[in-house]
Amino acid sequence: GQSKTLDIAIFNHSSGNLQYALDLSLVSKSGSELLETNAVTIDSPIGTLQARSLKTVKVTFAPVSRVKCTYTIHCRTSSGNAPLSLVNSRDGDLSTIGSELDVAEVPVPSIEILALGDYPTLQISDVRCDGLGKRTLWNQLALSAINSELASAVTQEEEEIAVKIRDVGTATITEILDSLSPFDCNFAAAPVGSDPTTIHVQLKNTGVMPLTWSFGLRNDQEVEMENWVDIGEPRTPNEKHEAHILENKIFDIHPRNGSLAPGDTCVVTCTYLHQYLGQHRLPVLLTVDEGKRVNINLLGRTIEHDEKLLMFSSLEHHLHPVQIGDKDAPIQSYELRNIGSVPVEYSIDCNPCDDLTRASYGFEVLQCLNPHGVVPAGGYTLVEWRFQPMEAATYMLDIPITVEGGDTTVVCFKARGYHPAELGTDKRLPEEETANKSLWAGWKPVQLLPVDAVSGQQVELSQESLSFGAVPALSVNRHVITLHNHSSSTDYNFSWDLSVLRPVEGAMVVEPASGTLERGATCICKVTYTAGYTPHSFDTEVLCNLDPIAPPPPESPPPPSEELLEAHGSDFVPKKAPNYKERISVAHTNNNSTQHKFPEMSMYPKQPTGFATTFNMADATTQHRVQAAGEGPVVLKLGVECDVRSEEQFRRENVDKTAIDRFYIPTPSLATSRNDLASAVDDGMTNLLTDMLLDIMTHPSIDEEVDKILYRKNPTHREMGAGYADVSMDLPVKPVDHLLGGLQPPPPGTPKTEWEEKLEQKVKAREDCVADKDFMALMENVLEGTIFNLIKETHKHGNIV
């Protein structure tokens, strides 16, 4: 809808008049399928140039779609190859344009123009809510779908709406909302009277031009009405429901509008009040001027305190596709979340699965492994499913999930079986990619929102989601994350809660599992997941609980001396000298007047400027209580996901045959911890290492070389560099003459000496040592622990972030 004009200068170098014609040609184009030749217009494509004169031509680019084009403008003249020049008058140098040109050397004048047509592009780049993880919020608010819609091209219907608003002014927000498909943003549920649900959303301008955005409601008036105008009362039940929400501010958005330069961000806060029982729905129109419009439904629910309710990650769940005939079909999980304040017992009706089993001649295609269970208050549980298809087809089953004493919800499970011939081909359906976070529009596994923009947040995780990816069974996989305390006044005790992973085969360990996070400090945590033997996949969140440490109570003042009691009586209360590090109000400063009236106060040394010499115990107690009330417990949620494959399936799915060699897979008999692994090494390995060291240290050639060191002249850098390649201590690989006492290699067929036989035994011992899995497992854990300690030490001294 906008245009841009470029000035091009045409100069006639000749001494006669010339007639010219400008020809426009499209060289390349990417983006829209619409032809963009008519998007560029020239105000004077044909004309006459006087001798040695300059003429400026305006070229206007007005795209009708999102496109990137390259154009070329050629200047034809009536005299053929005439001495003309085409110059961009804005960027070109016009000072030398009048110089003489050799006509024979001048080709047909031309200029290349690069044109880019785009819409203002807005994206939701981050989201934050106390008590909910980023992964849960991203699904709950449908942010991936909203970002995909914001990034798409403006449709013909939206163009017509924009024309109505711009030219006619007749399109209302209600008409626009009714013409757009809505996206549901679920604020979940909470008991009545609970704290408001506050969600912070970060908006980012990802385009190349400034933009203006706004959130519109149905009661917003496009034209300001006079006071005497009667707008009218809501008539339909939906209008009355929305009027009730707006009147009581059950949903609130702040700010409602703003402007962003390219690359800039802003924070929008959405609040949902839990004051009225029932379900609430409020349509909101997100508008980007000259760009997209998105219909967003804000949904929320307020329940009774003792009401039992489960939150489902989705009512249409897609399981991972499984190859038909796969005997190692992975166990897949579906997450149930209890948003109430009491435990919830759930029951899954497996009759649809039984019907499918009977239709498949007794073969269990879809099986629920834990159809009954209890979800703790405010917690999660993983329902495990095993899908083994009999044919290359898509299965759909409606599974009822019942809450004891509550509602029954029907969830549609979709699963697809594929033929082995499809292996390695990209035939996964778009709806099956919902679990692939790398395809989520705008998703980043780290927090982008500034910490000071989120009220109450003091501790930050370096990553909010860990993806181990596809790993072979029994492999050990590690990640490193950090906890950073941004508070300048509060220390925290932290502890990791991994109870949600109890149904999952394998073991996840976080080191350290608990500790103290001091103010302004950072703690490095190592997350280790040892996969189980059975293939399975999971995607859930583990908890990091942080409890603030209350500051120590102030010390009681010393008892007054007898002299002070005699001078001021028994009602005298001494004041405590303050800690220099504490900030005291200037009202308590020991000034000259106070010292003159109470000379006993001069018993304390004079404090530096800006510090008080008195400390009120009542004020200290009040400040301590306020701080303890303001700094409450914090729960951080870390998303973890992993797909465990059998060794056979992992090799089959990876084209790179050496991919499995990049994983550390210990022997199944060994424990996962380093202590258990070290104790599992048998005495024979210890004896082998001892014998090797003794043989090396007692060998005569080694003793001789050690003696030579005492009389050896220190080599220069050049000498050391020249002779370094001739010295090798790698005895088993390449024996060196001077280490063998000057012996020369024996001719072929010569019987082996005792030393040579012993040397061969040492070579074989070293090879056996390297091939021993227990020894390699011990070495791997030692090296891993050493590297982790180096990372912690380096981070402690500020060398890495």
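If a residue must be open to solvent by 50 Å² or more (accessible area, probe 1.4 Å), in contact with a Leu (Cβ under 9 Å, 6 or more places away or on another chain) and under 30 Å from residue 382 (Cα atoms), how many such residues does region 266-312 contain?
Narrowing region 266-312 to residues open to solvent by 50 Å² or more (accessible area, probe 1.4 Å): 275-277, 279, 281, 289-290, 301, 304-308.
Okay, now just the ones that are also in contact with a Leu (Cβ under 9 Å, 6 or more places away or on another chain), so 279, 281, 289-290, 301, 304.
Okay, now just the ones that are also under 30 Å from residue 382 (Cα atoms), so 279, 281, 301, 304.
The number of residues fulfilling the criteria is 4.
Please find, among 316, 345, the residue that is closer than 21 Å to residue 540 by Cβ, among the charged types (D, E, K, R) and over 28 Å from the mean Cα position of the chain (by Cα). Don't jump to the end; show me each part of the working.
Numbers: 316 fails: over 28 Å from the mean Cα position of the chain (by Cα).
Checking each option against the conditions leaves just 345.
So, in region 345-361, how many residues would count as being open to solvent by 60 Å² or more (accessible area, probe 1.4 Å) and either over 21 Å from residue 392 (Cβ atoms) or in a helix (DSSP H, G or I) (or both)? Please lay out each step first, then the result.
First, the residues of region 345-361 that are open to solvent by 60 Å² or more (accessible area, probe 1.4 Å): 345, 351, 354-355, 358-359, 361.
Those left that are additionally either over 21 Å from residue 392 (Cβ atoms) or in a helix (DSSP H, G or I) (or both): 345, 351, 354-355, 358-359.
The total comes to 6.
Can you name the condition, by its number, that residue 195 falls short on among (1) in contact with a Ser or Thr (Cβ under 8 Å, 6 or more places away or on another chain); (2) modelled with pLDDT of 85 or more; (3) in a loop (DSSP other than H, G, I, E, B)?
(1)
Quick one: is residue 427 open to solvent by less than 70 Å² (accessible area, probe 1.4 Å), at pLDDT below 90 and under 30 Å from residue 143 (Cβ atoms)?
Working: open to solvent by less than 70 Å² (accessible area, probe 1.4 Å): no; at pLDDT below 90: yes; under 30 Å from residue 143 (Cβ atoms): yes.
No; evaluated as a whole, the condition is false for this residue.
Here is a yes/no grid of residues against (1) closer than 22 Å to residue 119 by Cα; (2) touching an Asp or Glu at 6+ places or on another chain (Cβ under 7 Å):
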site	(1), (2)
247	no, no
291	yes, no
302	no, no
311	no, no
315	no, no
324	no, yes
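Determine which single condition residue 364 fails, assuming it passes every other condition in (1) part of a strand (DSSP E or B); (2) open to solvent by 30 Å² or more (accessible area, probe 1.4 Å).
Result: residue 364 fails condition (1) only.
Find the residue count for region 460-475, including only residues that are open to solvent by less than 20 Å² (accessible area, probe 1.4 Å) and either in contact with a helix residue (DSSP H, G or I) (Cβ under 6 Å, 6 or more places away or on another chain) or more than 14 Å from residue 133 (Cα to Cα) (or both).
First, pick out the residues of region 460-475 that are open to solvent by less than 20 Å² (accessible area, probe 1.4 Å): 461, 464-466, 471-473, 475.
Imposing the further condition that a residue be either in contact with a helix residue (DSSP H, G or I) (Cβ under 6 Å, 6 or more places away or on another chain) or more than 14 Å from residue 133 (Cα to Cα) (or both) reduces the set to 464-465, 471-473, 475.
Looking only at that region, the number is 6.
Here's a check for you: in region 238-265, which residue that is part of a helix (DSSP H, G or I) and out of contact with any Leu (no Cβ under 8 Å at 6 or more places or on another chain) is least open to solvent (accessible area, probe 1.4 Å)? Let's see the steps before the verdict.
Within region 238-265, the subset part of a helix (DSSP H, G or I) is 238-248.
Right, trim to out of contact with any Leu (no Cβ under 8 Å at 6 or more places or on another chain) and you get 238-241, 243-244, 247.
Working: 238: 101, 239: 83, 240: 114, 241: 59, 243: 38, 244: 66, 247: 149 Å².
Per the criteria, the residue is 243.
Looking at region 291-308, I want the residues that are part of a loop (DSSP other than H, G, I, E, B) and have a partner that is among the aromatic types (Phe, Trp, Tyr) with Cβ atoms under 9 Å, at least 6 apart or on another chain. Which pairs are those?
291/119; 291/213; 292/119
Is there a residue in region 484-504 that is free of Cβ contacts under 8 Å to residues at least 24 places away in the same chain and part of a loop (DSSP other than H, G, I, E, B)?
The answer is yes; a qualifying residue exists.
Yes/no per residue for (1) among the aliphatic types (A, V, I, L, M); (2) part of a loop (DSSP other than H, G, I, E, B); (3) at pLDDT below 85:
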position	(1), (2), (3)
1	no, yes, yes
5	no, no, no
14	no, yes, yes
22	yes, no, no
26	yes, no, yes
35	yes, yes, yes
38	no, no, yes
55	no, no, no
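The values are calculated or read from the model by the stated rules, or taken from the named source; none is laboratory data. Everything numeric here is computed off the predicted structure, so don't read it as measured data. Glycine also receives a Cβ, built like all others from the backbone with ideal geometry; neighbour counts cover every protein chain displayed. SASA here: full protein model, heavy atoms, side chains in, ligands and nucleic acids out. Shrake-Rupley method; radii C 1.70, N 1.55, O 1.52, S 1.80 Å.
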